[in-house]
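Comments concern the structure below.
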Amino acid sequence: MDWYMMNCELLATCSALGYLEGDVYHREPDCLESVKDLIRYLRHEDETRDVRQQLGAAQILQNDLLPILVQYPQDKVLFDAVIRLMVNLTQPALLCFGKVPADATSRHHFLQVLSYLQAYKEAFASEKVFVVLSEKLYNLLQLDWEQRQEEDTLLIERILLLVRNVLHVPPDPAEEQGVDGDASVHDRVLWALHISGMDDLLKFLASAQVEQQWALHVLEIISLMFRDQSPEELAALGQGTAGAEHGEDTRELESLRQRELAEKRSRALQRPSRHSRFGGSYVLQGLKSIGDRDVAFHKGLHNLKSYTHDLGKEPRRVPRHRQAAPESEPSRRSARNVRLFLRHFCQDFLEGCYNRLMLLVKDQLVRDKAQQHDETYYLWATAFFMAFNRRHGFRPELVSETVGVRAFHFIEQNLTTYYEMALMDKKEATTWARRMHLALKAYQELLRTVQEMDRSPEQAVRDSSQVIKSNIFYLMEYRELFLALFRKFDETKQPRSFLRDLVETAHLFLRMLERFCRGRANLVVQSKHVRRKKKPRAPAAAAAAPSAAELEQLWEGLAPQLQACLEGEVPLPEDVVPFDAASETPVEEQRAEALLRIQECLRDSRLPQALRLLRSAREVWPEGDVFGAADAGPPEETQLLREILVAPLPRQAPAEPEEPEEEEEEDEEEEQTVQVSEKEFNFLDYLKRFACAPVVRALVLLLRGYARNSARTNHCAARLLHRLARDLRMEPLLFQLSLFALFHRLLSDPAAAAHQELVTLAKFILGKFFALAATNKKAFVELLFWKSPAAVYEMTKGYSSLQEGEGTTRSRVPPWTPQQEQELRELYWKYKEVEGGDVIAAILAQLPAPGRTRRQVVKQLVRMGLASSAKDFPRERKGTRIVLWTQEQEEELTRLFEEFQGSDDVLGNIMKHLTARRSRARVVEKLLGLGLVAERKELYKKRRRKSQGPGPGQAATPARDSSGEDEDSEEEEEEEEEDEAEEGLTEELWLPEEGAGQDLAQRLHQEGLAGPLRWLQNCLRRAAGDRQEDGVSHPVPLVPLTEENEDAMEDRRFQTLLRQLGLRPPASEQESFWRIPAALTPQQLRRAAASIAHRGLSGSPQDLPEPPGCPQDPAPAEPLPAGLGSDSESEEPVPVPVPSPVQPRTKRRRELASEDEDEDEDGVGSGTEPAPAAPCSEEEEEDEDPQPRGRRKRIRCLEEEEEEEEG
């Protein structure tokens, strides 16, 4: 389409605007309506922006809109409409298209719109236009906030947006090809802005108290004004003579001239004095050609040094996705008068506006009042104006708002966010890399400002810098930032300028950190460790604990030494600390760890440390007398230490060693916990973190352009390499072929004298290499690989020095010997043909020490060629072996349902007789799908009812609501694991004898534990009644629902009583409560309940086994809530406590709302006989107050107030 052929309606609208005659514009009567029509047309343009392109081709803005703006500013309505139209026409092309189009057609439209914008910018380079805009903005700002209308505020915003849009237009590289110092279109726009006084209005908006809402608009305009400028050049402008200002240019020209003269001299020495018509042919001995012969060289000897095998070949085309990232717009030097105006603007802005404006902008960013990615303007302003202030008579008070720990934290947060987004958002990685570069430059300028504060003559400024550095160097995030940026540097996404700033910033940080550590003996910093806990596939064999006899023998040997420590003959250490305030470990866990540390000291015969740790822990945790009473003497401490020595304290299983280079996918879930602690900082240990291949590779990449780099960039890169090679004594880390090729090019460069530091480094590294090559002939092969510290150690100390578990390879997998490989091969062929078995599990069971893991065995089988990949040995997953129901299985399920349909436990009987192992949830789902049952509650276990109905005042517990009980596969696997755990429980339990625990129970009665003992007695009796009634035994958890009972369950003597009665403590991390084992019979439970009953002086029990019920006891036919006190492994109901007759006003009605469709066999819909109730008391009512417990169950306690009947 020819955009010069305008649409007829659009052409008629443009013609109705008016016409230009000389310098006078004559508007038509319908000018205002035509402007509004153009705004309406732009609102409905298509994706090619056809209206915008036609208006740009017709030059409507240059020939109509700008003359109307200049000549009719008094017409407020027309002026407002023209401003609206120009804001729309000048908006950036990226906003019009969303992004740079990828297809050719859309990209053509994009570039066309961009060319029209560049023409608009050139038309705005007029003083008349900016004078009108400035006067209008000035008049609007003169209005007080009471007089300023809404349309006035909108007009202020539109004027600022128009200025922003004009300055945002990028330059046209085809048109602006002038040298530095020429006035570009952008310079002319800036000069017109300056002449009109718009820059003063911007400074007023930045500093005025009542104009805070324009802070981000002003900052964006200022950032566009200084887009092509360098703060260092602006700061140096006007500080000396013209010759001093051009000193850098002079030095650059002198360097080029020296390079040219050196090349001329080298050519003159290579060529003979007399010209020879015969170039000559030579044979290069020692350099082989394609065949076995030496290379034949057919050119003059002076061209010999430039010979390579690639001569005459076409250069290899680099794919687009591997090409280096393009650099940002190169900075150019503006005209001198423009730079002087910008320099004065920077001075005034720093003195009167900077701190206030940056405070407002940051407040809007933190409160999310700004648009997305507006923080980039804040980062740019921080870097630019702090650099200008540092180079132009450093005054820290002018930039105090952006100097401090908060500024470091804000920039580090954004830098980390950009870094993470660049890794995740691959399509926009280049954009995120540009934002990351802005944040890095701001971070670098903050460090330089703090370094400049160290040199300040004022003591207060130097003290402030010390405070900032101590906070920055203490936190781990700031120290690890550069390592992460180095390791993830990608030259295809990040330009060389980013790498240059990264190297310079890292060099500055290391130098500041080194100087900070130099004046301090012990520097303590924060350290974070990420712990990954894996769920073990099988319980690891615990280390054999010492027997009681061994502990008694150990205690007899420790007694004399302990007596000497208690009498003061042996001094106690002072550096034992039982509590770490900086750690995120809970206080209760630290108390348990302190007990373990005391026990370890005792078992290691370190009595002074154990005694000091005991006394220190007593001061930290005085409550409960866990570590003894506050006034404990030597006898009490001796007894307490003996108890700690022999106590079976729980210990954490040792973490599995990490296995490097494993390819098999992890099946276990990992739980990551971050532990924060403090440690002494060692600078060399921190520097060793940089001794890795990514850092060296990035430095080599930067030094490839040493001729184009600045002297400071080359110095920073060379200094980092020198630190790695010299300070760490890791010279072989730099033995790399690409670096040696760079050294060869550097040493043969005629202008190498200008890079003396690099030449010295090259000679040092090459000398170390040839010295090592004299003893290690494999050093030449090592040139082909990037090396790690482990490889460096092996190159210098020998290749077998790290195979014995030393150095960084101490966690390596032990090698397979030929005998072990032969044994593995035989085991594999032995168990390969076994059907239905796990080959790897069978091999692991037969392998001798050292123990191997499943991964190691699978990997070795693949290496030996016995298997193609690790996928040949898939790990069997629970609950996923059987997915579909076959026809035979459906018929079997139907037959079992018809067989057990009339039984009390339909689902339980089906699960016992079902051939294919499936979870209850799958069986219930299939029964519903086959239409054998209408709802789930038909499958609940039925219980016998007694003839009595519900008692007065009691409501029967309603059946569970079965809606919303759909479960996913994860819950089904958990259910299956729980069922298997219950069915496969083979733990040997101690069965109580008759009268067990009587003496201990009486002592506990006397010490005030009568309430918990009565609660325990009731639980035992009810469990006995339920087991006798049902004929089925399940483990029943003891859930303490009151604080008194919880304290009793934590008491050591009460736990001893529980063990004597045969109760089982929590068996694993998933259990929280003690349990009544399934192996105890109802008779044994009743004997245990009778043995803990309180006895009077006559010795007879005062608590009768079956006393009469209370007035508010539930009727025998009322079902008990099955979920009370149950957890994830047991669904056996704990009896409901009996309310006290002393308080008849309040009753509790409990309803069970189950969220699990796969309940155990307990029936809720059917009634059950209550266990014999104990005498009621007010104390029992308080003890048995229910609380929400369990993993997937809710108990709703509904309190209903009843009025007590009189009489």
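The values are calculated or read from the model by the stated rules, or taken from the named source; none is laboratory data. Everything quoted here is computed from the prediction, not taken from an experiment. In this analysis, Cβ positions are derived from the backbone assuming ideal geometry, glycine residues included, and neighbour counts consider all displayed protein chains. All accessible areas refer to the heavy atoms of the entire protein, side chains included, with ligands and DNA or RNA removed. Shrake-Rupley method; radii C 1.70, N 1.55, O 1.52, S 1.80 Å.
Results, tabulated for the structure shown:
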read-out: Extreme residue, nearest to GLU890 (Cα to Cα), among residues of region 906-938 that are part of a loop (DSSP other than H, G, I, E, B) and open to solvent by 30 Å² or more (accessible area, probe 1.4 Å); value: LEU930
read-out: Qualifying positions in region 1061-1076 - open to solvent by 50 Å² or more (accessible area, probe 1.4 Å) and in contact with a Ser or Thr (Cβ under 9 Å, 6 or more places away or on another chain); value: PRO1066, GLN1070
read-out: Restricting region 711-735 to residues that are under 15 Å from ARG500 (Cβ atoms) and basic (Lys, Arg), the residue that is most open to solvent (accessible area, probe 1.4 Å); value: ARG712
read-out: Residue satisfying all of: in region 1066-1082; out of contact with any Lys or Arg (no Cβ under 6 Å at 6 or more places or on another chain) and not in a loop (DSSP other than H, G, I, E, B); modelled with the lowest pLDDT among these; value: TRP1074
read-out: Selection count where residues are open to solvent by 30 Å² or more (accessible area, probe 1.4 Å) and touching a helix residue (DSSP H, G or I) at 6+ places or on another chain (Cβ under 7 Å), scope region 221-235; value: 1
read-out: Those residues of region 317-365 which are outside any helix (DSSP H, G or I), polar (S, T, N, Q) and open to solvent by 40 Å² or more (accessible area, probe 1.4 Å), in sequence order; value: GLN323, SER328, SER331
read-out: In region 737-791, residue farthest from the chain's Cα centre (by Cα) [restricted to those that are β-branched (Val, Ile, Thr) and farther than 22 Å from GLU263 by Cα]; value: THR775
read-out: Test for ARG708: is it modelled with pLDDT of 80 or more, of a type in the set (D, E, K, R) and either under 30 Å from SER547 (Cα atoms) or open to solvent by 30 Å² or more (accessible area, probe 1.4 Å) (or both); value: yes
read-out: Search result, residues across region 1023-1050 that are part of a loop (DSSP other than H, G, I, E, B) and either hydrophobic (A, V, I, L, M, F, W, C) or open to solvent by 20 Å² or more (accessible area, probe 1.4 Å) (or both); value: GLY1031, VAL1032, SER1033, HIS1034, PRO1035, VAL1039, LEU1041
read-out: Pairs where the first residue, in region 392-404, is in contact (Cβ under 8 Å) with a residue 40 or more places away in the chain and surrounded by fewer than 20 Cβ atoms within 10 Å (Cβ to Cβ) and the second is among the hydroxyl-bearing types (Ser, Thr, Tyr) and part of a loop (DSSP other than H, G, I, E, B), C-beta under 8 Å, 6+ apart; value: PHE394/SER456
read-out: Residue match in region 5-20 (condition: among the polar types (S, T, N, Q), within 21 Å of SER115 (Cβ to Cβ), modelled with pLDDT under 90 and open to solvent by less than 80 Å² (accessible area, probe 1.4 Å)); value: yes
read-out: Residue within region 737-760 that is over 24 Å from ARG712 (Cβ atoms), at pLDDT 85 or above, open to solvent by 80 Å² or more (accessible area, probe 1.4 Å) and of a type outside the set (D, E, K, R) present; value: yes
read-out: Positions within region 383-392 being out of contact with any Cys (no Cβ under 9 Å at 6 or more places or on another chain) and farther than 16 Å from GLY352 by Cα, in sequence order; value: ALA383, ALA387, ARG390, ARG391
read-out: First in region 476-491 and at negative phi, second anywhere and basic (Lys, Arg), Cβ under 6 Å, 6 or more apart; value: MET476/LYS528; LEU483/ARG689
read-out: Scan of region 683-705 for residues that are open to solvent by 10 Å² or more (accessible area, probe 1.4 Å) and either closer than 18 Å to LEU783 by Cβ or not aromatic (Phe, Trp, Tyr) (or both), ordered by number; value: LEU684, ASP685, LYS688, ARG689, CYS692, ALA693, PRO694, ARG697, LEU701, ARG704
read-out: Meets criteria (surrounded by 20 or more Cβ atoms within 10 Å (Cβ to Cβ), over 24 Å from the mean Cα position of the chain (by Cα) and assigned to a helix (DSSP H, G or I)) for ASN414; value: no
read-out: Checklist (1) open to solvent by less than 60 Å² (accessible area, probe 1.4 Å); (2) within 47 Å of the chain's Cα centre (by Cα) applied to ARG148, failing item; value: (2)
read-out: Residue ID - nearest to GLU397 (Cα to Cα), chosen from residues in region 376-386 that are surrounded by 22 or more Cβ atoms within 10 Å (Cβ to Cβ) and not hydroxyl-bearing (Ser, Thr, Tyr); value: MET386
read-out: Test result for SER223, among the small types (Gly, Ala, Ser), in contact with a Phe, Trp or Tyr (Cβ under 8 Å, 6 or more places away or on another chain) and modelled with pLDDT of 90 or more; value: yes
read-out: Scan of region 425-439 for residues that are surrounded by 21 or more Cβ atoms within 10 Å (Cβ to Cβ) and over 21 Å from GLU504 (Cα atoms), ordered by number; value: none
read-out: Selection status of LYS777, of a type in the set (D, E, K, R), farther than 21 Å from ALA691 by Cβ and either open to solvent by 40 Å² or more (accessible area, probe 1.4 Å) or in a helix (DSSP H, G or I) (or both); value: yes
read-out: Filter result (at pLDDT 80 or above and surrounded by fewer than 11 Cβ atoms within 10 Å (Cβ to Cβ)) within region 293-312; value: ARG293, ALA296
read-out: Total residues in region 1042-1072, condition farther than 18 Å from GLY1008 by Cα and either free of Cβ contacts under 8 Å to residues at least 24 places away in the same chain or touching a helix residue (DSSP H, G or I) at 6+ places or on another chain (Cβ under 8 Å) (or both); value: 7
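Per-residue answers, yes or no, for (1) within 15 Å of PRO231 (Cα to Cα); (2) of a type outside the set (Lys, Arg); (3) without any contact (Cβ under 8 Å) to a residue 24 or more places away in the chain:
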site: ARG343; (1), (2), (3): yes, no, no
site: GLU351; (1), (2), (3): no, yes, no
site: ASP363; (1), (2), (3): no, yes, yes
site: ARG367; (1), (2), (3): no, no, yes
site: ASP374; (1), (2), (3): no, yes, no
